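Visitor: Take a look at this one; I'll ask things after.
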Amino acid sequence: MTDRILLAARNNALWCDAVARSHGVVCTTDSVAWTASTRTPPYYPDAVTLSPEAGEYDVLARVDDSDGCSVKDSWSRLDLSTEDFARIVVGEWVWLDPSVPIAPAPAPTWQRLTTPHEMAVWVRAWASDPDAEAILRPSLLEEPGVAFLAQRATEDPQSPVVAGAIVNVTGEVAGLGNVFTLDGDVERAWSAAAAAARDVADGLPLVGWEAGASVAAAVAAGCERIGPLSVWLK
């Protein structure tokens, strides 16, 4: 299991890296952790552990650990409570093997976005509040391996975005994240997003992490749970 968690964690860290860099944040990646030199955008961690042997101070020594610092503990092994952190999320890494059958994405067809205008429409549909609209910037469209996928209300390319996801291909796996739908049917959205993501992943396993009801939605789509993770916030 550890090898698959490492692949999933590194994929997620590289996505965090792309988002942080798009905001001008300098980042470092090694065998222990991915870390950001300054505070990252909202909802993104300042560190992601990349080894099950990473210790609390291995991570905290590399970041600004003042109030607002967040750490993604990829093996859910750290105890940061003594440093005034609270565990705010407990989630699961998920893995979808290419051999697992899933239903094709339903109509209207899911499409890959290619322009800043299309991405802006996607972001407005995805964002939970106005502040969130500033997190994902158009420059991410130029990141190697990154694809923004959207389903519109109809086949008309000008119709509203009603569901979406992001795919991030890194070496041996393709990350699937930011899955959303405006109709509230998370299970249907996850399955449809996975089917659309396979067109981008080109035969690679899909990996990601989910929490709450989204874990069950990923499992219903054919994913396997491969291990827990935690997010700590100070």
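The values are calculated or read from the model by the stated rules, or taken from the named source; none is laboratory data. Note that the structure is predicted; figures quoted are calculated from it, not measured. Glycine also receives a Cβ, built like all others from the backbone with ideal geometry; neighbour counts cover every protein chain displayed.
Visitor: Can you spot a residue in the stretch 13-22 that is surrounded by fewer than 21 Cβ atoms within 10 Å (Cβ to Cβ), part of a strand (DSSP E or B) and either aliphatic (A, V, I, L, M) or assigned by TED's automatic domain parsing to the domain that holds Trp75 (or both)?
Guide: For the stretch 13-22, residues surrounded by fewer than 21 Cβ atoms within 10 Å (Cβ to Cβ), part of a strand (DSSP E or B) and either aliphatic (A, V, I, L, M) or assigned by TED's automatic domain parsing to the domain that holds Trp75 (or both): absent.
Visitor: Mind checking whether some residue in the stretch 143-154 is outside any strand (DSSP E or B) and among the hydrophobic types (A, V, I, L, M, F, W, C)?
Guide: Taking every residue of the stretch 143-154 in turn, at least one turns out to be outside any strand (DSSP E or B) and among the hydrophobic types (A, V, I, L, M, F, W, C).
Visitor: Follow-up question, since we're still on this one. Those residues that are part of a helix (DSSP H, G or I) and among the small types (Gly, Ala, Ser), I need them from the stretch 219-234; list them, please.
Guide: Listed by number, the list holds a single entry, Ala220.
Visitor: Can you report the number of residues in the stretch 192-218 which are more than 13 Å from the chain's Cα centre (by Cα) and outside any helix (DSSP H, G or I)?
Guide: Residues that pass the stated criteria total 5.
Visitor: Are any residues in the stretch 23-39 in a loop (DSSP other than H, G, I, E, B) and buried (at least 24 other Cβ atoms within 10 Å of the Cβ), and if so, which ones?
Guide: Within the stretch 23-39, none qualify.
Visitor: For the stretch 62-99, give me each residue that is part of a loop (DSSP other than H, G, I, E, B), more than 24 Å from Thr40 (Cα to Cα) and in contact with a helix residue (DSSP H, G or I) (Cβ under 9 Å, 6 or more places away or on another chain).
Guide: Within the stretch 62-99, just Pro98 meets the criteria.
Visitor: In addition: Based on this model, can you work out whether Val71 counts as on the phi < 0 side of the Ramachandran plot, β-branched (Val, Ile, Thr) and not assigned by TED's automatic domain parsing to the domain that holds Asp185?
Guide: It is true that Val71 is on the phi < 0 side of the Ramachandran plot, β-branched (Val, Ile, Thr) and not assigned by TED's automatic domain parsing to the domain that holds Asp185.
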